[in-house]
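**Q** Below is the structure I would like to discuss, written out as structure tokens.
The values are calculated or read from the model by the stated rules, or taken from the named source; none is laboratory data. Predicted model, so just to flag it, every value in this text is computed and none were measured. Neighbour counts run over all protein chains shown; Cβ positions are idealised from the backbone, glycine included. For accessibility, only protein heavy atoms count, side chains too; no ligands or nucleic acids. Shrake-Rupley method; radii C 1.70, N 1.55, O 1.52, S 1.80 Å.
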Amino acid sequence: MAKESFADPATAQIMNEHFINIKVDREERPDLDKIYQSALQLLNKGNGGWPLTVVIDPQNLTPFFGGSYFSKDATSTMPGFADLLMRLHQAFTDQAEDLRTQAAKMAQAVKQMYPPLLDPNMPDADLVFLAKDQVTHQFDESEGGFGQGPKFAMTSRMQGLLRHWAIARRHKDNDKIALEVVMTTLTKIARGGIYDHLGGGFFRYTTDRAWRTPYFEKVLCDNAQLLSIFAEALRLGPDPLFQDAISDTIKWLMADMRHAKGGFYASQDALLIQSNETAVGKYYLWRREEVKKHLKEDEYLLVETLYGIDRPANLDNHWSLHRSDSYRSVVERLSMQVDAANEVLASAKEKLFLVRQQRSAPRTDETILTAWNGLLISGLVEAGTVMQRPDWIATAEELADFIFTHCWDGKLLTANWRNSGDRSLGFSDDYANVLMGLLDLLQYRWREQDAAFAVALADAVISGFYDTDNGGFFFSHKDQEDLIFRPKPTLDESVPPGNATLALALNRLGHLLGKNEYLDVATNTLRWARAIMEQFPSSHYGLITALEDANESILQIVLRGPIEEMQGWKQVVGNNYAPWRSCYAIPFDDIKTIPSYLPGLVSSETKNKVSAYIYDGEECSKPITDLELFKKALIS
């Protein structure tokens, strides 16, 4: 609409003469998007979408008309946009009082969209299994993912299913379908066109069922979450496909998406920088002759077979690179040795990547969004831990330092950061995702700044966002400007809702520090959301995951002592996938933030050796100072 209508002089004249025009970036003001999407669904009886176009009364900020895309020219069912604007202006002029009466009813209806506070109608375990059954019923057994297309990764579902499988296995119930959904989907994604096989990184979604034809936009929040789930899957065993996807994605993030100060940009657009080249995805597409031109014969043969160039083109007579078969099966079909094939493929990909770099590049949105960078802290830590890449952990620490320095004023988070200085007050998602990232970071290496920052964020989000009457967190801060209502999101979207992440994070932080306040807030958040979870289980899988986590007995290990010696003890704990287990190695030097159940004053002799404390959520063991006894305690 921006090119078609807003830039049209005649339409612009009408807009400027009769309306106050406000264009909002929904990633920078997601609160406005959530509010007016909810209002639009009431106006249009369930239909929302983007772009979101609403006409609101300036006195009460309530919409009286809305929709998504409006064509510049008239259609069989709708007048052209300019004509529509004139009709709306006339209606507002002639029927202002009627519209304001309607607006008051609208405002009241929107406020009633909060889920009611009800007692559970079923046991927690039954609700968890009901949600799992609904989600797995939507699984595409042939192609992976959920539904028939378009297909999004829906990472929070996969993380919840993998966690559910692990917990079920802990209790001697091998839920194979949950594991199959995750591993099949991840394999299809890593092979598919949704993944950039030359440059790394994952696109937003694919338009088809088989993951071949993507919408060529890379978004930070998707890539951050996919790093986490691929790394979690690697805890089950090595997989070169997953490892390569992680490595190349982080390489792309570091090369193209990182600001010099340490934060990461929001996205790379599907369109190109040069205004005369507007074809969506053109940067990523290939013609067969072009690929053949730049490669040696053996390189082309492998690339052609592996990436489907020997099959019909899949997008406008071009190929978007994707794989249908396993790498090993292709290598065997071509009678190649694996080592030799690896060298040939690496050479071919490097050549094609360099050719692609000569093209007009995709546009980068250089906004740094706090919530999405919080997700990336978790993704980098998980990937760095599993693949033993301390440099990735260091990047996560630098990112945490960036947020602490540039997005935190000691009391409040900002939602974004730009060189220009423009920024807005943070939302509950910002606090939730950064808090979870810090907790993941603390498991790898305990830094006092990270621990103190986590506590400060937890206290700030409870003070500014928590509903003390009913439980749960509002999306916007209590000091933000008054709008027609304060959303309390529960639905899974491109990222889990803040209520789900905060229920998980505050439960973890409460157990870690021995602070009942955090545990109570997490419990009350799940209690408040219970009615909506029972009504629509599969649409609230983030909250379902938090519920399952809260019901699972934990194995929390806290080590204290010299840093180098504690590393050996951490290795004993293991690196397999056990989401109920956590291990924190807390040194004695310059540390103020420690669990309340640990002794505060210790002797010099104690400080010079490792002491291990095992906490099950109710009781903490006496200090264990012998490594063999520690091993036995972990087994028992």
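**Q** Starting from the exponent 0.38 and prefactor 2.2 Å, build the expected Rg for region 186-308 from its residue count and divide its actual Cα Rg by it.
**A** This ratio for region 186-308 stands at 1.13.
**Q** In Å and from the alpha-carbon atoms only, list the Rg and Dmax of region 1-56.
**A** 12.7, 34
**Q** Another question about this same structure. If you add up the charges near residue 338, with Lys and Arg at +1 and Asp and Glu at -1, over every other residue whose beta carbon is less than 11 angstrom from its beta carbon, what do you get?
**A** -2
**Q** Now a separate question. Residue 221 accessible area, nearest 10 Å², 1.4 Å probe?
**A** Estimated to the nearest 10 Å², residue 221 gives 0 Å².
**Q** Taking 0.36 nm per residue of sequence separation and subtracting the Cα-Cα distance, how much length would be gained by fully extending the chain between residue 347 and residue 622, in nm to one decimal?
**A** Stretched out fully, the residue 347 to residue 622 stretch lengthens by 93.3 nm.
**Q** Counting each pair of different Cα atoms once, what's the Kirkwood radius of region 16-114 in Å, rounded to one decimal?
**A** 14.3 Å
**Q** Let me ask another. Estimate the FRET efficiency between residue 60 and residue 491 by the formula 1/(1 + (r/R0)^6), using the beta-carbon distance for r and 25 Å for R0, to the nearest 0.05.
**A** Between residue 60 and residue 491 the formula returns 0.45.
**Q** Defining a contact as two alpha carbons under 8 Å apart and six or more residues distant in sequence, what relative contact order in percent does the chain show?
**A** Result for the chain is 13 percent.
**Q** Report, as a whole number in µm² per second, the diffusion coefficient that Stokes-Einstein gives for the chain at 4 °C and 1.567 mPa s using the Kirkwood radius over alpha carbon pairs.
**A** 49 µm²/s
**Q** To the nearest 0.05, what FRET efficiency results for residue 72 and residue 310 with a Förster distance of 51 Å applied to their C-beta separation?
**A** 0.75
**Q** Might you tell me the accessible area per residue for the chain, computed with a 1.4 Å probe and given in Å²?
**A** Heavy-atom accessible area per residue stands at 46 Å².
**Q** Give the longest segment of the chain that steers clear of GluC sites (Glu not before Pro) in DSSP loops with at most 12 neighbouring Cβ atoms within 10 Å, not counting the sites themselves.
**A** 278-480
**Q** Would you compute, from DSSP H runs of 4+ residues alone, the mean residue ellipticity of the chain at 222 nm, taking -39500 (n - 2.57) per run and dividing by the full residue count, rounded to the nearest 500?
**A** -15500 deg cm²/dmol
**Q** Considering only protein heavy atoms and a 1.4 Å probe, what is the carbon-and-sulfur percentage of the accessible area of the chain?
**A** Exposed carbon and sulfur together represent 49 percent of the surface.
**Q** Could you please put 117, 601, 334, 253 in sequence from largest to smallest accessible area, using a 1.4 Å probe?
**A** 601, 117, 334, 253
**Q** Ok, one more. So, counting K/R as plus one and D/E as minus one, what does the shell of residues with Cβ under 11 Å around residue 120 add up to?
**A** -2
**Q** List the lysines whose alpha-carbon lies under 29 Å from that of residue 105, not counting same-chain residues fewer than 8 positions away?
**A** 23, 34, 45, 478, 488
**Q** Now a separate question. Kindly work out what percent of the DSSP beta bridges joining two residues of the chain are antiparallel, to the nearest 5.
**A** Of those bridges, close to 85 percent are antiparallel.
**Q** Which three extents, in whole angstrom, do the alpha-carbon atoms of region 314-454 cover along their principal axes, largest first?
**A** 62, 36, 22
**Q** Under 8 Å for C-alpha pairs, at least 6 residues apart: give me the relative contact order for region 403-556, rounded to a whole percent.
**A** 19 percent
**Q** Given all pairs of different Cα atoms, what value in angstroms does the Kirkwood hydrodynamic radius of region 398-535 take?
**A** 15.4 Å
**Q** Here's another thing I want to ask about it. Under a 1.4 angstrom probe, counting protein chains only, how are 205, 195, 215 ranked by accessible area, largest first?
**A** Ranked from most to least accessible, the order is 215, 205, 195.
**Q** Sticking with this one: What's the Cα-based Rg to Rh of region 76-219, Rh via Kirkwood?
**A** Ratio of gyration radius to Kirkwood radius for region 76-219: 1.19.
**Q** Jot down the radius of gyration and Dmax of region 240-398, Cα atoms only, both in angstrom.
**A** When restricted to Cα atoms, region 240-398 yields Rg and Dmax of 17.9, 49 Å.
**Q** Another question, then. Contact order normalised by length for region 1-83, with contacts defined as Cα pairs under 8 Å and 6 or more residues apart; what percent is it?
**A** 26 percent
**Q** Further question on the same structure: Could you order 515, 592 by accessible surface area, starting with the largest, using a probe radius of 1.4 Å?
**A** 592, 515
**Q** Oh, and also: Out of all DSSP beta bridges in region 478-636, what portion is antiparallel? Express it as a percent rounded to 5.
**A** Within region 478-636, antiparallel bridges account for around 55 percent of the total.
**Q** Using only the alpha carbons of region 548-592, determine the length spanned along each of the three principal axes and report them from longest to shortest in whole angstroms.
**A** 36, 24, 10
**Q** Summing Lys, Arg as +1 and Asp, Glu as -1, what charge do residues with Cβ under 12 Å from the Cβ of residue 504 carry, residue 504 excluded?
**A** Combined, the nearby Lys, Arg, Asp and Glu give -2.
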